Every structure is written in structure tokens, then in C-alpha cells.
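Note sheet for the following structure.
The values are calculated or read from the model by the stated rules, or taken from the named source; none is laboratory data. Bear in mind that the values here come from a model prediction, so they are computed numbers and not experimental data. Reconstructed Cβ throughout: ideal geometry from the backbone, glycine too, with neighbour counts over all protein chains shown. Accessible surface areas use protein heavy atoms only, side chains included; no ligands, DNA or RNA. Shrake-Rupley method; radii C 1.70, N 1.55, O 1.52, S 1.80 Å.
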Amino acid sequence: MQQSRSQQLFEQAQRVIPGGVNSPVRSFRAVEGTPPFLARGQGSRVWDVDGNEYIDYLGSWGPLALGHAHPVVVEAVQRAAADGTSFGAPVEQEVELAEIICAALPSVDSLRLVNSGTEACMTALRLARAYTGRPKIVKFAGNYHGHADGLLVAAGSGALTHGVPTSAGVPESYAAETLVAAYNDAESVAELFAAWPNDIAAVIVEPVAGNMGVVPPASGFLNSLRSITEANGALLIFDEVITGFRVAYGGAQSLFGVAPDITTMGKIIGGGLPVGAYGGRRDVMEMVAPLGPMYQAGTLSGNPLAVTAGVATLKELQRPETYERLEASASRLTDGIAAVFSQAEIPASINRVGSMFTGFFNPGPVATLSEVEKSDTTTYGRYFHALLERGVYIAPSQFEAGFASVAHTDADIDRTIVAVGDALSQVS
Ligand SMILES: *Cc1c(COP(=O)(O)O)cnc(C)c1O
């Protein structure tokens, strides 16, 4: 059989890039097979190098709330590129992006732009340690905050998929400064504070878990984290890298009415270009150099192309009814899929918050990591490929989120629901 162009490229890639990919989950190890190499995206669609077309729910793992190659974003980036791609000096557009974000999130008085969500979370922890003078942090099993050393401790996402609870190369002494609590279990956090009353600098949490599949916060969970951290002199960090400008314009903190001390962002705020940010209360942010003693820097931070894409994206998202539309599209999709699931022989359930969702091969409800882990990943892999063959692209792992964008039409969604029905009858 003749090899597809994607198969050829994947073989070539494996000779020069570890596993042939620049981020492990792209390798399809969790679902097997060869990843299509993508050549083009437009609106809700992507095309691979062999000319196959897919309705895309990966959305570049979250950034593409407007869909692919939105004309306003593309034009803004083209114009910015013609004026020079990097200066390493202040530019007007980075001020505009910071102003838009601070206006959207009342808990963020000021912020620093970086290049990825990883960098944002890594720095937020350093900032919390600098501010409190304490060494330890608390994270939740199954939450993912990027690949900084101290955060690859019982990490979710790729680490869950590959069955590696911690990464090689992380010193045990450093990992020991990270305490791991159970998501949606505030009592497990209170126990850690009881054990280390004066040592915990911060609790970092995905206010809606997205990296173990979508798991919403239990009622009162985020409020409890707010009061426990406050009572113990620790900071609360919301990792809104996925949820920022996704579950609501003001992020999960506006949806659930809980204000953190520090917020980390990424994904949507770069509109598909590499941007991250951390921001928060003014007295905390005054620790950051050059104002204060906590060092952090970046050659390409506030890069004019990247921040221009972010500004254009966030301004588009300000249009009236954008979030109503995202909600309506995503609920049309997940209601349709839930109806198909309920008639299938395979136990399955679906979680959704705003326009992020995950279908679990698990009878549900899925509200904790241990419930997530009961999902049937073999069936997920077969379902994934059955959908791909029918022109629907979802995350190549059970433990990830899917995303609707403003570019998904009702027709796209209805076609997807039919494909889900066909895919399920193939895998049952
Ligand atoms: C994607 C993600 C990150 C890491 O962001 P990168 O840009 O991939 O480094 C951190 N936290 C959460 C919640 C994420 O979803």
C-alpha cells in the first residue's frame, strides 16, 4: 500500500525530532496510528497534507476561540509583521493587550506578558514564594500547569496518558516542595495546611479542570480554596490558561465569582500565537523586577506579532453575544452527543463548561480524578479513529478537552452528531 504524505512526514520527523513531535500528545501514542500533518485551517475546518478535510474540535488545544485563520486576526498579524517582528523594546500593542486583560479580570491590577502557559505558571509560583517567603506549593492531582519541574508531580494530561506520574529529570528534593491534593476535595487541602501551617506559599488550581478531560469545580470548592488560603496566609493562583476568555469573557473567576490573588493565562490571549501572562493584586505584582526582587525576563515577551494577534482576538470576542453563541453551539453539540451516548451500548457520559467539553467512556458522573481514570481508553482510541475517518478531529487522548469556536455552524455540529452516532456503532 502506498504511504500517505502524513506517514512519510511522520517517518522523516522521527529521525530529527524525538517521537516526531514537538509536544508528546501529538504523537497519537494514546490512540495509536499516524497523526495527520496539517497544512491549512479555515474557520471550523482543517486540511491535512493528503487533502483530507476535518471539522476541528481541537482548536490548537484551546487558543482558537474564533476558529482558524480569522480574517481580522490574519490581517492584523500581516500588518504587524511588515513593521518588524521583534524589537526587544516596549511597543504600544503590549500595553493595549495588558489593558484589555486587566479590564476583563478585576482581580488583575497589572500583569507581565510571557511566551507560554508553562512560563506563566512557573513564574506565578516563584512570585508566590517571593511574596510569602514560604517554600511549598499545593497542586491538584490531574491538574496540569505546564512542564516546569515543580509541577510535574502527579501531573495530568500527557503524563496521565503515558502512565508516568512524575517526569525523569526532576530532582526529588525539588518535587518534595510540591504537595498534591485531590481535585474537588477542599478537605484534602485543609489537611495539607494543617500539616505545614507556615510553609505553603500558594495553592494553584485549574478553576475548571481541562487537562484530565473537562471536570467542573464542585459547588463551593473554589470558595473553600479562597477561604483556606486566606486563613493561612497563602496565595490562591487560578490557572486560567484554558479557561481565560473561554468559559466566559472574564474567565472562570467571573463565572464562579471567586477572585484569586494571581491569575495565569495563555492560549486565547495569544489568538494562536505564543503568549502567556501572569497577573494579580498590585502589592503582589510589585515583587516583580524591576520594581521588586523577583526576577523574570524574556527576549520575545510582548512580541509585537503575538500581542497583535491577542489584541485582535480579544476585541473580536468583545462583540455582543459571542459567549451566548459559544454556549449555544457547545450545548447543541454536547446535548446531541449525550442523546447518542444514551442510546449506545457503551457506557459514556459528557462533561461541559461553556465551550469546553469531554466525552468520557465511563457511565459518569465524572467529578473527580479517580472517576476520570475509570474511563475506557481503548474504546476512546477506536472512537477517535472512527471519527477521524468521518472527518471529525477531536483530541487524540481521553484525558483532554474539546473546544467549540464561534466558527462552528449548526450544520457543522449536526454533521458531527451524525458522525458520532456512526462512530459509536462501529466501535460497539
Ligand atoms: C495548556 C496549559 C498550560 C501550559 O501552557 P503552554 O502554553 O502549553 O505552556 C498550563 N495550564 C493549563 C491549565 C493549560 O491548559
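Please report the antiparallel percentage of DSSP beta bridges with both residues in the range 151-291, rounded to the nearest 5.
Looking only at bridges with both residues in the range 151-291, the antiparallel portion is about 40 percent.
For the chain, which whole percent of the accessible surface, found with a 1.4 angstrom probe, sits on carbon and sulfur atoms?
Whole-percent figure for carbon plus sulfur exposure: 52.
For the chain, what are the DSSP H helices with axial Cα length of 27 Å or more and mean Kyte-Doolittle hydropathy of at least -1.0?
Sorted by number, the helices that extend far enough and score high enough are 322-343.
Could you rank the peptides 33-39, 146-152, 115-121 by their average count of other C-beta atoms within 10 Å per residue, with the highest value first?
Those peptides, ordered most packed to least, come out 115-121, 146-152, 33-39.
Can you tell me which aspartates and glutamates have their Cα less than 13 Å from the Cα of residue 136? Leave out same-chain residues fewer than eight positions away.
Counting by Cα, and skipping residues close in sequence, residue 136 has these aspartates and glutamates nearby: 177, 199.
Can you list residues from other chains, or at least 5 along the same chain, whose modelled amide H is less than 5 Å from the amide H of residue 402?
Excluding prolines and chain starts, which carry no amide H, the hits are 357, 358.
Using square roots of five times the C-alpha gyration tensor eigenvalues, list the equivalent-ellipsoid semi-axes of the chain in whole Å, biggest first.
33, 26, 21
Give me the percent relative contact order of the chain, please, defined on Cα pairs under 8 angstrom at least 6 residues apart. Intermediate values should be presented prior to the final figure.
Numbers: 885 pairs, mean separation 94.8, N = 428.
The normalised contact order for the chain reaches 22 percent.
Before rounding to the nearest 500, sum -39500 (n - 2.57) across all DSSP H runs of length at least 4 in the chain and divide by the residue total; then give [θ] at 222 nm in deg cm²/dmol.
About -11500 deg cm²/dmol.
Checking the cross-link filter: which lysines have an alpha carbon closer than 26 Å to that of residue 139, excluding same-chain neighbours under 8 positions apart?
The qualifying lysines are 267, 374.
Rounded, prolate or oblate for the range 91-223? Axes are the square roots of the Cα gyration tensor eigenvalues, ordered a ≥ b ≥ c, and the cut-off for rounded is a/c under 1.5. Walk me through the numbers on the way to the answer.
Working: a/c = 1.44, a/b = 1.40, b/c = 1.03.
Since a/c stays below 1.5, the shape of the range 91-223 is classed as rounded.
Packing-wise, with mean Cβ within 10 Å as the measure, how do 292-298, 357-363 rank, highest first?
Packing order, densest peptide first, comes out as 357-363, 292-298.
Sort 204-211, 137-144, 410-417 by the packing proxy (mean of other Cβ within 10 Å over each peptide's residues), most packed first.
204-211, 137-144, 410-417
List the aspartates and glutamates whose Cα lies under 20 Å from the Cα of residue 315, skipping any in the same chain that are fewer than 8 positions away.
Candidates past the 8-residue exclusion: 75, 92, 94, 96, 99, 109, 240, 324, 327.
When you take every Cα atom in the range 1-91, what is the radius of gyration, and what is Dmax, the widest Cα pair distance, in Å?
16.4, 55
Which value in Å is the Kirkwood Rh of the range 208-309 over different Cα pairs?
This gives a value of 15.1 Å.
Between the range 22-100 and the range 130-146, what is the C-alpha centre distance in whole Å?
Centre-to-centre distance over Cα atoms comes out at 29 Å.
To check you understand DSSP bridge types, tell me what percent of the beta bridges within the chain (both residues inside) are antiparallel, rounded to 5.
Taking every DSSP beta bridge with both residues in the chain, the antiparallel ones total about 60 percent.
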